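Worksheet: the structure to be examined is printed underneath.
The values are calculated or read from the model by the stated rules, or taken from the named source; none is laboratory data. None of these values were measured; they are calculated from a predicted model. Glycine gets a Cβ as well: all are built from the backbone with ideal geometry, and neighbour counts include every protein chain shown.
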């Protein structure tokens with residue numbers, strides 16, 4: 001069952017905040033619709049990047065993510081929640097989180113439960129690494145704020161953890177104020193980031 | 001504040017003294033309410049059950065020795 005809440009994204013062209021819908025409980029149909037728009041757009045842009053000689057290191061590192069597979073493999077589990085943001089009748093971003101079995105690593109919070117962000121992505125037309133002029137900004141910020149709100153409601157006090165792809169490291173560290181706990185050998189050496197209750201509170205205050 | 005939790009239903013739970021003690025200890029250690037502990041337990045149990053039903057096994061691995069021990073799930 002999915003629930004819908006109003007949120008706001010920033011339309012880059014006009015600089016205005018525009019209404020969007022946060023979907024809690026993204027359905028198979030939602031994901032199908034998203035992927036059928038995201039995939040061809042992304043493939044077209046990757047062809048362009050290849051033709052222009054853009055080095056592969058600058059291609060989006062999550063280009064292989066298959067949201068259909070992620071939704072199908074987790075939809076029956078209570079522990080997983082999938083969120084999406086829709087605007088202009090198109091999915092602008094998706095996030096899959098785990099709400100059980102993950103615990104904080106930061107010393108002051110060690111062993112206490114947190115919301116773990118498994119996957120978070122904006123639509124390819126919102127990515128500065130893909131297009132010169134992204135359509136909407138704030139997609140990632142709203143999804144991260146959603147994870148923090150969920151953490152608060154789960155009594156996790158805002159604690160959030162995630163493994164970041166290298167292209168997103170600086171965003172989580174510098175823009176979101178998460179603590180960088182360094183590369184994690186158990187997860188492809190991706191850097192592990194965590195947000196304490198204090199950092200979560202500051203993040204929400206600033207937005 | 002953004003509301004991201006669906007509406008909930010209430011139930012009464014009967015536990016032995018030992019079970020209640022374990023629940024209280026987990027609640028204190030994890031710094032969450034007893035209800036939140038049970039919610040966590042249910043989510044994990046449901047996932048474990050589903051994966052075992054698919055023919056998978058549940059193991060614990062020792063961080064240092066990498067020794068694995070299968071966890072029996074009823």
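So the values come out like this:
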item: Among (1) at pLDDT 95 or above; (2) more than 30 Å from residue A:149 (Cβ to Cβ) - the single one residue B:39 does not satisfy; result: (2)
item: Pairs, first within 14 Å of chain B (Cβ to nearest Cβ) in the stretch A:48-77, second surrounded by 12 or more Cβ atoms within 10 Å (Cβ to Cβ) and in a helix (DSSP H, G or I), C-beta under 7 Å, six or more apart; result: A:76/B:50; A:77/B:46; A:77/B:47; A:77/B:50
item: Test: residue A:190 is within 14 Å of chain B (Cβ to nearest Cβ) and surrounded by fewer than 21 Cβ atoms within 10 Å (Cβ to Cβ); result: no
item: Set B:9, B:66: member being more than 9 Å from every other protein chain (Cβ to nearest Cβ), free of Cβ contacts under 8 Å to residues at least 12 places away in the same chain and on the phi > 0 side of the Ramachandran plot; result: B:66
item: Leading residue by the ranking (surrounded by the fewest Cβ atoms within 10 Å (Cβ to Cβ)) among those in the stretch A:135-151 that are without any contact (Cβ under 8 Å) to a residue 60 or more places away in the chain and away from chain B (no Cβ under 11 Å); result: A:140
item: Matching residues, the stretch A:79-127, being assigned to a loop (DSSP other than H, G, I, E, B), closer than 15 Å to residue A:4 by Cα and under 16 Å from the mean Cα position of the chain (by Cα); result: none
item: Top-ranked residue of the stretch B:17-57 - restricted to ones that are surrounded by fewer than 14 Cβ atoms within 10 Å (Cβ to Cβ) and in contact (Cβ under 8 Å) with a residue 12 or more places away in the chain, ranked as farthest from the other protein chains (Cβ to nearest Cβ); result: B:57
item: Candidate set from the stretch A:46-72 (those that are assigned to a helix (DSSP H, G or I) and in contact with a strand residue (DSSP E or B) (Cβ under 9 Å, 6 or more places away or on another chain)); member that is surrounded by the fewest Cβ atoms within 10 Å (Cβ to Cβ); result: A:70
